Structures are given as C-alpha cells and as structure tokens.
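Participant: One structure is given below, represented as structure tokens, and several questions about it will come after.
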2 protein chains.
Amino acid sequence: MGKKVFGVDIGGTTVKMGLFTAEGELLDKWEITTRKEDNGAHILPDIAASIKERMDKEGLTFGDVEGLGISVPGPVDDEGVVHKCVNLGWGQFDIDEEMKKHIDLPVFAGNDANAAALGEAWRGGGKGCINVVVVTLGTGVGGGIIVNGKILSGSHGSGGEIGHIHMNDNETEQCGCGKCGCLEQYASATGIARLAKRKLDADDRPSSMRDARSLNAKVVFDAAKAGDELAIEVTEEFGEILGKGLANVADVINPELFVIGGGVSKAGQIVIDLIKKNYKKYVFHGSRGTDFALATLGNDAGIYGSAKLVLDGVKNS
Amino acid sequence: MGKKVFGVDIGGTTVKMGLFTAEGELLDKWEITTRKEDNGAHILPDIAASIKERMDKEGLTFGDVEGLGISVPGPVDDEGVVHKCVNLGWGQFDIDEEMKKHIDLPVFAGNDANAAALGEAWRGGGKGCINVVVVTLGTGVGGGIIVNGKILSGSHGSGGEIGHIHMNDNETEQCGCGKCGCLEQYASATGIARLAKRKLDADDRPSSMRDARSLNAKVVFDAAKAGDELAIEVTEEFGEILGKGLANVADVINPELFVIGGGVSKAGQIVIDLIKKNYKKYVFHGSRGTDFALATLGNDAGIYGSAKLVLDGVKNS
C-alpha cells in the first residue's frame with residue numbers, strides 16, 4: 001500500500017477534507033463545520049480529531065501518511081506563518097507548530113486561492129501541464145500562477161493578482177481595491193452584471209435581461225446564448241477586456257495553458273471562445289500557442305492543491 | 001584555490017568572455033571576434049581555443065573549472081538545443097554536444113537577453129534580491145524575469161516579453177511585432193524619439209529638441225533635464241506608459257525589485273523617478289513596496305549571467 005496524503009481546505013463555514021493517494025487520486029472526501037467561536041481556537045483541534053478518526057477507520061498509522069496540507073483563507077508566509085485570517089478570527093501564528101500539538105504529521109500550509117490554483121493545475125483543467133495560469137472569475141477575479149509546477153507566490157505573497165491589472169484609463173467607478181479600471185471591474189461576475197446594467201441604461205433596444213429579477217452573470221450569458229442582442233454585446237465586451245488582459249499576462253509568463261474557473265465559467269465553452277478570440281488579437285506571437293480550458297474540480301480544487309503542497313514538500317506556497 | 005567559471009556572451013560582432021570565481025567575482029574579461037563565415041562554424045572552436053589559452057595562462061586544469069556558460073542571440077530550449085541564431089548563421093543544434101567536441105567542460109547554454117537579466121539580478125542592480133524583473137530599454141523593450149533566483153523562461157521561451165504588452169487601444173502605427181499599441185512603442189529609445197516627433201509635429205511651442213541633428217532618447221532626456229517644456233511632457237508620457245505597464249507586470253509577478261537597464265537608462269535617476277511616480281498610481285497595493293534600481297553591469301551583464309547559468313547547474317534557462 002502506497003502512502004497517503006490528507007488535503008484540508010479551511011473555509012469560513014466548512015472545512016473540506018480529502019484523503020488522497022500519493023499519486024493524487026482522491027479516495028474519499030468529507031466536511032466538518034468551521035467552529036469560529038473563541039477566535040477560531042477549535043478549528044485545528046477539530047481537523048486533527050477528524051483526521052485521526054479517519055486514520056483509525058482506514059487502519060492507517062502515522063507512518064502510512066506522508067503529511068497534511070492545509071489551505072487557509074489568508075496570507076501564509078515563507079516560514080508557514082499565517083498572518084491573519086479575519087474570516088476565522090485568527091491572528092498571527094505558525095500553523096505547522098500549532099498543528100503539531102494536536103497531531104504528529106508534517107504540515108504544509110498555503111493560501112487558499114493559490115492552493116486551489118495548484119489543485120486545478122495538477123489534477124483539474126491543467127492536468128499534465130507545468131506552466132499554467134488559473135483564472136477564477138467569481139465575485140472578483142483571482143489568479144494563481146504555476147511555473148514549473150510550483151506556485152509563483154511573489155515577493156510579498158501578491159503574485160497572480162491579475163484581477164487588478166489596469167485595463168481602462170477612462171473608468172470612473174472605483175474597484176474594491178481603490179483603483180479605477182481594474183480587470184475585475186469587467187470580467188468578474190459582479191463586473192459582468194455592471195457592464196450589463198450600463199448597457200441597459202444606455203440603450204433603448206429590447207432585451208430579455210430587462211425582465212430578470214436580479215441581473216447577474218448567469219442571466220447575461222443565458223440571454224446571450226439565446227441570441228439576445230444586448231447580452232451578446234455585453235459578453236463581447238467581457239471577452240474583449242478579459243482576452244486583452246490575459247494576453248498581457250501571457251506576454252509576462254508565457255504559460256502553456258490558462259484554466260478558467262469560478263462561477264462565471266459555468267457558462268461553459270462560450271466563455272473560452274470569447275476569451276480566445278480576443279486573446280489572439282492582442283498577444284505577442286510567442287504566446288499565440290497558449291491554450292484555454294475550463295476548470296474541472298469545482299470546490300474540490302482546494303483539497304487537491306493542499307495535498308499537492310505536501311507532495312511537493314513545499315511549505316507556504 | 002576555489003573553482004573557476006567561464007561566462008561567454010556571443011554577439012553578432014564580438015564574443016565577450018569572462019573568468020569568474022565560483023562566488024561571482026569577475027577576475028578578468030576579454031573579447032574575440034565573432035567569425036560568422038561558413039554559417040558561424042568557427043565560433044564555438046574559437047571560443048574553446050580562447051578558453052584553453054586562458055586556462056594555460058592561468059595554470060588552470062579542467063578539474064579547476066566548474067563549467068562554461070554560453071549565451072546566444074536566439075532561443076535555446078530546455079534540452080540545450082539552439083533553435084536558430086540568424087545573426088550567427090546558425091541553424092538548429094545541441095550546443096552542449098557540439099562544444100564538447102572542442103573542450104572537455106560542462107556547458108550550460110541560454111538565451112542572451114535572459115542571461116543578461118540573470119546577471120543583473122545576481123551581481124548588478126538586483127544584487128541580493130531573488131525576485132527581480134530586469135527591464136532593458138534599448139532599441140526595443142526587453143524583459144527578463146527572475147523568480148526565486150531562476151529565469152522564468154516560459155513554456156515556449158517567450159517569458160518576459162514585456163515590450164509587447166498591449167498599452168494603447170488608440171495607436172494607429174504598427175509595432176515591429178505587427179500589433180499596435182505595444183509598450184515598446186512608447187518606452188524604448190525608438191519609442192521615445194517617436195513620442196517626441198509626434199509632440200513636435202503637433203505643437204507650435206519652441207523646444208531645443210527642434211534643433212537636434214537627430215532626435216533620439218538622449219536628446220529628449222537632456223532637454224527635459226534642462227527644463228525644456230515639450231521634452232518634459234514627452235518624458236512624462238514615457239513615464240506614464242512605462243509606469244502603468246510595469247504596474248501590470250508587478251500585479252502578475254510581485255517582484256521585490258525592477259532593474260532598469262539599456263541605453264535609455266543612461267539618462268539616470270530621472271528615468272527611475274518618472275517610472276516610480278506613475279507605477280504607484282496604477283499598481284495593486286500588494287506590490288506597492290516593490291523598488292526600482294538602475295542596471296549597473298552594462299555590457300558585462302551577459303558574461304555574469306552566463307557564469308551564473310553554470311553555478312545554478314541550470315541548462316537552457
């Protein structure tokens with residue numbers, strides 16, 4: 001029997017946990033509640049207890065387990081120190097040292113967005129590639145950059161902040177970050193709804209989007225797929241800006257592949273097609289061969305990536 | 001006596017060569033002519049002969065030498081295969097294998113732009129930093145990205161092509177690459193001269209730039225330093241576009257430091273000040289702490305970088 005690995009993804013509501021083979025096969029997954037009371041003091045002991053229980057059930061000894069990867073919703077530095085997780089009530093501490101008090105396994109901690117990107121690159125949409133940019137189109141636009149199979153975390157943990165690339169000098173509304181004209185103001189779920197609202201306000205043509213109870217990215221893409229003229233124009237605008245932004249990312253990184261995930265990507269191939277068409281217009285010829293794929297792991301990306309942190313023996317990626 | 005390393009930088013006219021300690025101290029440097037006749041067949045034998053001559057002179061045996069790093073003006077892949085060097089008349093071949101026929105030393109080959117960036121990051125303006133972006137403002141705009149001390153060469157050797165980041169939707173003139181609105185159309189020496197010419201054509205105000213025999217980047221920066229109003233506006237435009245472009249690069253890479261080199265950087269601190277002012281306006285807060293420095297190695301960057309290729313034991317970066 002080969003060694004096993006645990007991948008743990010701590011979220012604000014639940015802790016997702018997975019048991020993997022060392023080859024990255026997910027054998028089983030489960031969740032426990034994230035107990036946030038007492039400044040999140042129960043979270044690590046709860047995880048340890050759940051893992052020990054699972055080890056007993058599977059008949060695993062500590063020697064059978066390679067280690068435990070944990071992704072946390074906050075910055076983790078190169079020494080494995082969690083700096084602050086507002087969502088969990090956590091302050092600053094060494095997660096490896098702390099976890100060791102509860103379970104005798106090597107611990108490898110990382111930031112959740114980076115771990116999810118690593119998971120997608122490893123076993124999801126990017127499987128088989130070692131130079132991958134994972135783009136998450138959710139409420140915001142997140143990025144995770146994998147170079148030679150490793151997360152590019154940057155000198156202050158701010159690598160892959162591609163949602164805040166400056167795209168538009170003429171933007172007057174502010175991004176959440178305080179700047180104006182960031183990529184995520186156009187390419188996130190929120191950004192697409194904003195583009196649609198602008199379009200509807202400025203245009204008298206009929207559109208099914210006008211009847212939507214709540215104008216969101218799904219409404220826009222569904223309308224575009226059904227042939228709604230205004231919705232098509234909105235999605236074209238989305239594709240133009242995102243394609244151009246990712247072309248600029250490729251000119252810097254030259255990845256093999258972009259993996260597109262997050263809620264917006266649920267619209268499917270139309271998202272890839274829109275990005276690709278515009279990407280090719282703007283990218284330098286050296287990156288014209290870069291491909292695009294949809295993310296495939298959904299909410300499991302974090303546990304896969306956490307398991308990979310262990311296998312890479314890389315703390316704090 | 002510690003081991004020695006040779007760093008060799010093959011250019012279209014001369015081959016620069018350096019003898020280094022394993023700590024990166026340049027002990028001596030010299031040049032030989034690049035003989036391009038017979039499809040460049042003499043270049044590698046000439047290098048081997050020159051190194052053997054130097055080893056004799058210094059009393060070095062093959063055992064005293066760690067290896068030989070060679071940077072070439074063309075793409076080099078992960079197997080150390082040179083794909084084409086038009087300037088040298090070279091087709092495709094394995095430079096390591098070929099060089100072994102002439103000298104019994106481990107050979108590590110890399111692309112010249114990347115090697116120069118590695119040299120600057122290692123022993124030049126970026127000394128002491130491991131996450132550095134080297135920006136070369138010459139005839140074009142070149143880039144070399146160093147992540148954790150290693151060159152980011154990208155999946156097809158096109159990492160760091162920051163001169164071709166798209167910056168301007170309204171540009172009508174074409175860049176050398178065929179696109180319109182690339183960073184190098186504004187931030188290279190050629191680009192600055194172009195901005196100045198545009199300004200002079202569109203503006204009636206007097207300017208010392210109008211008297212220049214040839215309008216180039218040096219003329220523009222000298223005039224700006226002397227208080228010439230139009231020249232100041234041109235340099236501001238240069239700084240605005242370059243600062244914004246590098247902010248986007250930082251949002252992706254999050255480097256500790258940008259090192260600014262190439263002919264334009266000879267204008268000195270004014271270049272750094274112009275970039276920095278605008279960079280701070282556009283960059284995501286996670287990279288606001290990134291610093292800027294001027295390159296210091298000049299034409300020696302390539303031999304330093306080639307020597308570093310050997311020390312890293314990294315072929316084909």
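Participant: Just a yes or no: is a residue in the stretch B:232-243 surrounded by fewer than 24 Cβ atoms within 10 Å (Cβ to Cβ), touching a strand residue (DSSP E or B) at 6+ places or on another chain (Cβ under 8 Å) and of a type outside the set (A, V, I, L, M, F, W, C)?
Facilitator: no
Participant: Which of the numbered conditions does A:Asp211 fail, given that it passes all the others? Conditions: (1) within 14 Å of another protein chain (Cβ to nearest Cβ); (2) without any contact (Cβ under 8 Å) to a residue 24 or more places away in the chain.
Facilitator: Only one criterion is unmet by A:Asp211, namely (1).
Participant: Within the stretch A:52-59, does at least one residue satisfy the condition of being touching a residue at least 12 places away in the same chain (Cβ under 8 Å) and of a type in the set (Gly, Ala, Ser)?
Facilitator: Looking for residues that are touching a residue at least 12 places away in the same chain (Cβ under 8 Å) and of a type in the set (Gly, Ala, Ser), one finds none in the stretch A:52-59, hence no.
Participant: Something else: Pairs needed: first member in the stretch B:102-114, acidic (Asp, Glu); second member anywhere, not in a strand (DSSP E or B); C-beta distance under 7 Å; at least 6 residues apart or different chains.
Facilitator: Close Cβ pairs (under 7 Å, with a partner that is not in a strand (DSSP E or B)) amount to B:Asp104/B:Phe62; B:Asp112/B:Pro73; B:Asp112/B:Gly302.
Participant: Next question. Tell me, which residue of the stretch A:203-214 that is over 31 Å from the mean Cα position of the chain (by Cα) and assigned to a loop (DSSP other than H, G, I, E, B) is surrounded by the fewest Cβ atoms within 10 Å (Cβ to Cβ)?
Facilitator: Checked the stretch A:203-214; the qualifying residue surrounded by the fewest Cβ atoms within 10 Å (Cβ to Cβ) is A:Asp204.
Participant: For the stretch A:254-287, which positions are surrounded by fewer than 23 Cβ atoms within 10 Å (Cβ to Cβ), within 14 Å of chain B (Cβ to nearest Cβ) and at pLDDT 95 or above?
Facilitator: If the condition is that a residue be surrounded by fewer than 23 Cβ atoms within 10 Å (Cβ to Cβ), within 14 Å of chain B (Cβ to nearest Cβ) and at pLDDT 95 or above, then A:Glu256, A:Leu257, A:Asn278, A:Lys280, A:Lys281 are the ones that fit.
Participant: Answer yes or no as to whether B:Leu200 is under 12 Å from the mean Cα position of the chain (by Cα), surrounded by 18 or more Cβ atoms within 10 Å (Cβ to Cβ) and either farther than 28 Å from B:Leu309 by Cβ or more than 14 Å from chain A (Cβ to nearest Cβ) (or both).
Facilitator: Answer is no for this residue.
Participant: In the list A:Gly128, A:Gly154, A:Gly160, which residue meets the criterion of being over 30 Å from A:Arg194 (Cβ atoms), within 14 Å of chain B (Cβ to nearest Cβ), of a type outside the set (A, V, I, L, M) and in a loop (DSSP other than H, G, I, E, B)?
Facilitator: Sole residue among the options that is over 30 Å from A:Arg194 (Cβ atoms), within 14 Å of chain B (Cβ to nearest Cβ), of a type outside the set (A, V, I, L, M) and in a loop (DSSP other than H, G, I, E, B): A:Gly128.
Matching residues to (1) within 18 Å of A:Gly124 (Cβ to Cβ); (2) of a type in the set (Lys, Arg):
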{"residue": "A:Ala212", "(1), (2)": "no, no"}
{"residue": "A:Phe221", "(1), (2)": "no, no"}
{"residue": "A:Glu233", "(1), (2)": "no, no"}
{"residue": "A:Gly239", "(1), (2)": "no, no"}
{"residue": "A:Lys280", "(1), (2)": "no, yes"}
{"residue": "A:Gly286", "(1), (2)": "no, no"}
{"residue": "A:Gly298", "(1), (2)": "yes, no"}
{"residue": "A:Asp312", "(1), (2)": "yes, no"}
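Participant: Go through (1) within 11 Å of another protein chain (Cβ to nearest Cβ); (2) of a type in the set (A, V, I, L, M, F, W, C); (3) out of contact with any Phe, Trp or Tyr (no Cβ under 8 Å at 6 or more places or on another chain) one by one and return the number of the condition A:Ala247 breaks.
Facilitator: Every listed condition holds for A:Ala247 apart from (3).
Participant: Taking the options B:Ala217, B:Ala223, B:Ala293, name whichever one is of a type outside the set (S, T, N, Q), touching a residue at least 40 places away in the same chain (Cβ under 8 Å) and surrounded by 21 or more Cβ atoms within 10 Å (Cβ to Cβ).
Facilitator: Only one candidate passes the filter, namely B:Ala217.
Participant: Tell me which of these B:Gly91 doesn't satisfy, since it passes every other one: (1) small (Gly, Ala, Ser); (2) away from chain A (no Cβ under 14 Å); (3) buried (at least 24 other Cβ atoms within 10 Å of the Cβ).
Facilitator: The number of the failed condition is (3).
Participant: How many residues, within the stretch B:60-95, are in contact (Cβ under 8 Å) with a residue 24 or more places away in the chain and either not assigned by TED's automatic domain parsing to the domain that holds B:Gly12 or not in a strand (DSSP E or B) (or both)?
Facilitator: Of the residues in that region, 15 qualify.
Participant: Oh, and also: Which condition number in (1) over 21 Å from A:Ile43 (Cα atoms); (2) away from chain B (no Cβ under 12 Å); (3) in contact with a helix residue (DSSP H, G or I) (Cβ under 7 Å, 6 or more places away or on another chain); (4) not basic (Lys, Arg) is the one that A:Val141 fails?
Facilitator: (2)
Participant: A further question follows. Consider the stretch B:132-168. How many of its residues are surrounded by fewer than 24 Cβ atoms within 10 Å (Cβ to Cβ) and modelled with pLDDT of 95 or more?
Facilitator: Total satisfying the criteria: 2.
Participant: Hey, any hits in the stretch B:108-116 for a residue that's in a loop (DSSP other than H, G, I, E, B) and either touching a Pro at 6+ places or on another chain (Cβ under 8 Å) or surrounded by fewer than 17 Cβ atoms within 10 Å (Cβ to Cβ) (or both)?
Facilitator: No, because not a single residue in the stretch B:108-116 is in a loop (DSSP other than H, G, I, E, B) and either touching a Pro at 6+ places or on another chain (Cβ under 8 Å) or surrounded by fewer than 17 Cβ atoms within 10 Å (Cβ to Cβ) (or both).
Participant: Could you tell me how many of the residues in the stretch A:169-182 are within 9 Å of chain B (Cβ to nearest Cβ) and part of a loop (DSSP other than H, G, I, E, B)?
Facilitator: Adding up the residues that qualify gives 5.
Participant: Can you find a residue in the stretch A:95-113 that is within 14 Å of another protein chain (Cβ to nearest Cβ), modelled with pLDDT under 95 and closer than 24 Å to B:Leu152 by Cβ?
Facilitator: Yes, the conditions are met somewhere in the stretch A:95-113.
Participant: Within 22 Å of B:Asn131 (Cα to Cα) and within 12 Å of chain B (Cβ to nearest Cβ), is that true of A:Asn148?
Facilitator: yes
Participant: Any idea how many residues of the stretch A:14-57 are surrounded by fewer than 15 Cβ atoms within 10 Å (Cβ to Cβ) and assigned to a helix (DSSP H, G or I)?
Facilitator: 7
The values are calculated or read from the model by the stated rules, or taken from the named source; none is laboratory data. Note that this is a predicted model, so its numbers are computed, not measured. All Cβ positions, even for glycine, are placed from backbone atoms using ideal geometry, and neighbour counts span all protein chains on display.
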